[in-house]
Structures are given as C-alpha cells and as structure tokens.
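S.K.: Please see the structure below; I have some questions.
The values are calculated or read from the model by the stated rules, or taken from the named source; none is laboratory data. Given the structure is predicted, the values throughout are model-derived calculations rather than measurements. Cβ sites come from the backbone with ideal geometry, for glycine too, and all protein chains shown count toward neighbours.
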Amino acid sequence: MSVGVVLTVGDLVSGGPGNRHSFTDDADTFDRSMDLFGDESGTLRSVLNGRDEICVVAVVGGDRMDCIRCPKKAVRRVRDVTEARWSDLMDDQKRRVLDCMEAEDLQFGVCRITTDALHNLSHSYKLHQDRLSPAWDLVLKGDAYAELVAAIDSGAQRSRFRFDMVSDRSNAESIVEIVESGTEVDADWGNSRQIKGIQAADCLAGATADHVRHGEDWIDRISTDRIVDRTDAALERLEMALESTDSGP
C-alpha cells in the first residue's frame, strides 16, 4: 500500500485510489479466497486505566457471503436498525445473529485483554509512558489481529482482512503494516456500515466482552471449540516490543 496517496472520505467508502480492495459488500471482484473481518469491543486505553474491565479484539473468517449473511439476517425487517452493532441489538436480534454464525461454516478468533493482563506485563509501566511508536494500543491491536488472522486463515489463496476504521488514517495504516508484516494476507480498513462482515466481528467481540462485563452468556451460543483464543500470544508480542524500548529519563 502506498502511504503517499491522499484519500478523500469518498475513497474510504468506495475503494478509491489508495485502496487495493473494494470497501462495500456489493463488489463483484471477490474470488473464493477466505475473507476475514475484524473489530473490537471496548478500548485498550480504557482497560489500562481501569475505566473498563475488558477489551475484546475479534476476527471472523470464511466465505464472504457466509460472513455477511448473519448481520443482514439480524436486522432484516427491523425498523430504524440498519446495522448489526452488538450494543444496538435487542435480545431477539442477538440470538438471531449468534445462532446464524454458529450454523455457518465460519472461523472465529478472539483476544481478551483485561486490566490485570496489562498490569501483569513485566514492563507495564512503559505503557503509561507511551514510548512505543506507533502507540502501544495500536501495536497490541495489530498484534492481536495478526495472531488471529494467522490462526484461522485457510491459506488456500491469499486472503483479505478488513477491520473497522480506527480514529484516523495514520493509525489504520499502522495496524495494516503490523498485520501484513506478520501474516500472508492483504489488510485494509473500512466502514462497518458498508462492510457487513465487520458487523459479524463486532457481534463476536461484544458477546465475548459482555460475558465479563455483565455475566451474560450470549457467547455460549457459539461452540467453545470453534473459537480460537490468541490472547497470550498477542500480549507476548507486546511485551517483546516494550522490552526493546528504553524507559526514557
């Protein structure tokens, strides 16, 4: 990916000159390679500072149509709900999307990052110093995506991985670079409103996080043995990055 191309908002939505793939579900350019989609529930900085108990980074992979079918089914014929974002769904819609995901031939992966896990890193004090470049939360998110993508990617053909747009293009580019440097996929970001596969990842992340936040058992609707957990591996990669940086004055 060329980092020298300036994108407009329209480019981000439509797959403009700075993007290698279309950012909508309507494109006809997809082959039969695996498509992977990522999103998160919560923010890593809120977890570090104790404002949230957990941040879950999730990836859903499979055939593109299988990935987008369940979010579409969840909000079909529901007034005023056009996007299957976990936090906006009613109980019936949550059951519908998770039961559909369980029935489809999909792959699932999560990283569960808790406050204790971050504080237990041997160099956790460096997180507060923000000595990493890019910032530690971007590094951990990129590492989590890379671990999950590598774990569930079929490897049959070069796959595509797309995650929900983060705060700005520069941060998104940093995550892309981390993912592509550690995997054999083409990574990009997009808008979950246009890419319904990202909505599936949002629902997986939200259901997983709600088990910790509220004691809800939504995630049990997906068989445990189908969900890959790469939390430890992602944290180990972050710790190695922290070890390689100085702690400053």
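S.K.: Can you name the strands (runs of 3 or more DSSP E) wholly within the range 141-249 that have at least 3 residues being surrounded by 18 or more Cβ atoms within 10 Å (Cβ to Cβ) and not acidic (Asp, Glu)?
M.R.: 160-164, 186-190
S.K.: Across the range 90-116, what is the total count of residues that are closer than 20 Å to Gly42 by Cβ and surrounded by fewer than 20 Cβ atoms within 10 Å (Cβ to Cβ)?
M.R.: Residues flagged as closer than 20 Å to Gly42 by Cβ and surrounded by fewer than 20 Cβ atoms within 10 Å (Cβ to Cβ) within the range 90-116 amount to 3.
S.K.: For the list (1) of a type in the set (S, T, N, Q); (2) over 19 Å from Cys55 (Cα atoms); (3) touching a Lys or Arg at 6+ places or on another chain (Cβ under 6 Å); (4) modelled with pLDDT of 95 or more, I need the number of the one condition that Thr231 fails.
M.R.: (2)
S.K.: Let me ask another. Can you find a residue that is more than 22 Å from Arg69 (Cα to Cα) and not hydroxyl-bearing (Ser, Thr, Tyr) anywhere in the range 186-198?
M.R.: Checked against the condition, which is being more than 22 Å from Arg69 (Cα to Cα) and not hydroxyl-bearing (Ser, Thr, Tyr), the range 186-198 yields at least one hit.
S.K.: Can you tell me which residue among Thr183, Thr114 is closer than 27 Å to Met240 by Cα, in contact with a strand residue (DSSP E or B) (Cβ under 8 Å, 6 or more places away or on another chain), of a type outside the set (Asp, Glu) and touching a residue at least 60 places away in the same chain (Cβ under 8 Å)?
M.R.: Thr114
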